[in-house]
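Below: the structure, in structure tokens.
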Amino acid sequence: MSNAASMPYKTFLRARAIVFWVLNVSWLSFTVSMEILSFAFPVQVRYYFGSMWAKGTITLARLICGLKYEIEGMENVPDGAAIVMSNHQSTWETLVYQKILPPQLWVVKRELLKVPIFGWGLALCEPIAIDRDAGRKAMSQLIEQGRQKLEQGRWIIIFPEGTRTAPGEIEKYRIGAAMLASKVDYPIVPIATNAGEYWPKHSLIKWPGTIKVVIGKPIYGNGRKAKEINNEAEEWIRNKVKEISNPENWDRK
């Protein structure tokens with residue numbers, strides 16, 4: 001179905017998106033409640049309940065909205081902990097990574113922890129919450145806490161664009177993930193996705209189709225300059241995103 005979708009069809013998509021969101025918010029309330037009740041347990045238990053929401057949302061999106069996905073490169077996922085660098089087009093990738101990758105945490109802006117329900121659950125999973133305006137202090141926090149989390153065996157998800165970027169748009173990659181990789185003995189796993197073509201930013205509609213996720217070979221950074229690492233990961237991700245993208249879907253709302 002092209003972007004010039006008929007009004008009746010878009011009305012149908014909106015209707016089932018509303019059903020999806022009603023069920024999704026109910027599921028979020030339940031899973032966060034379970035997570036809060038488990039606050040005294042180890043973070044692994046809290047993460048289990050928190051990731052239940054993400055995995056359930058992916059299932060709801062498939063069953064209600066017809067939103068499927070396919071993965072290429074699972075053989076590139078290392079056995080030990082790693083740092084993920086991924087492009088960020090949609091909320092969708094923040095969810096599916098909890099389904100396809102080992103237990104993880106995220107580098108997020110501190111303000112997200114203040115969001116009712118969602119932010120409470122996020123805080124209980126112990127993310128690295130930084131103040132973007134803190135400059136060197138934020139970078140030091142990322143490196144110090146990042147090293148600790150990696151040594152605990154947890155994966156770290158970083159979206160170097162810093163925010164969701166619509167398909168076809170270009171946002172400069174921040175150097176935090178590469179800086180962390182240059183200081184520790186854990187690899188970067190680059191991931192590319194075209195999720196924004198099906199779950200667009202600020203859109204009610206979830207377009208049916210198959211999202212593509214491509215996992216690249218690990219990039220080892222210890223001893224290398226952060227800029228060099230960042231450039232290598234960014235080049236791979238941008239080229240792969242271009243390869244899997246369909247410009248006809250870029251202006252979906």
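The values are calculated or read from the model by the stated rules, or taken from the named source; none is laboratory data. Computed from a prediction, not measured in an experiment: that's the story for all the values here. Counting neighbours? That spans all protein chains shown, and the Cβs are built from the backbone with ideal geometry, glycine included.
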> Val84 is checked against (1) modelled with pLDDT under 95; (2) surrounded by 15 or more Cβ atoms within 10 Å (Cβ to Cβ); (3) among the aliphatic types (A, V, I, L, M); (4) under 28 Å from Ile229 (Cβ atoms) and fails just one. What number does that condition carry?
Replying inline: (1)
>> I need the full set of residues from the stretch 106-144 which are under 19 Å from Lys183 (Cα atoms), free of Cβ contacts under 8 Å to residues at least 40 places away in the same chain and either in contact with a Leu (Cβ under 9 Å, 6 or more places away or on another chain) or among the hydroxyl-bearing types (Ser, Thr, Tyr) (or both), in order please.
In response: Ile128, Ile130, Ser140, Leu142
>> Any residue that is within 22 Å of Arg238 (Cα to Cα), buried (at least 19 other Cβ atoms within 10 Å of the Cβ) and of a type outside the set (D, E, K, R) - is there at least one of those in the stretch 142-150?
In response: no
> Which condition number does Tyr173 fail, the rest of (1) over 13 Å from the mean Cα position of the chain (by Cα); (2) at pLDDT below 95 being met?
Replying inline: (2)
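Given the structure, is Met74 in contact with a strand residue (DSSP E or B) (Cβ under 8 Å, 6 or more places away or on another chain) and surrounded by fewer than 15 Cβ atoms within 10 Å (Cβ to Cβ)?
yes
Those residues that are outside any strand (DSSP E or B) and buried (at least 21 other Cβ atoms within 10 Å of the Cβ), I need them from the stretch 192-204; list them, please.
Let us first name the residues in the stretch 192-204 that are outside any strand (DSSP E or B), namely 194-204.
Matches in the stretch 192-204: Asn194, Ala195, Gly196, Glu197, Tyr198, Trp199, Pro200.
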> Name the pairs: first residue in the stretch 225-253 and under 16 Å from Pro187 (Cα atoms), second residue polar (S, T, N, Q) and outside any helix (DSSP H, G or I), Cβ to Cβ under 8 Å, at least 6 apart or on different chains?
Replying inline: Ile237/Ser86; Ile237/Asn87
> Restricting the stretch 174-191 to residues that are of a type in the set (A, V, I, L, M, F, W, C) and part of a loop (DSSP other than H, G, I, E, B), which is nearest to Lys109 (Cα to Cα)?
Replying inline: Ile175
> With Leu63, Leu95 as the choices, which residue is without any contact (Cβ under 8 Å) to a residue 60 or more places away in the chain and touching a helix residue (DSSP H, G or I) at 6+ places or on another chain (Cβ under 6 Å)?
Replying inline: Leu95
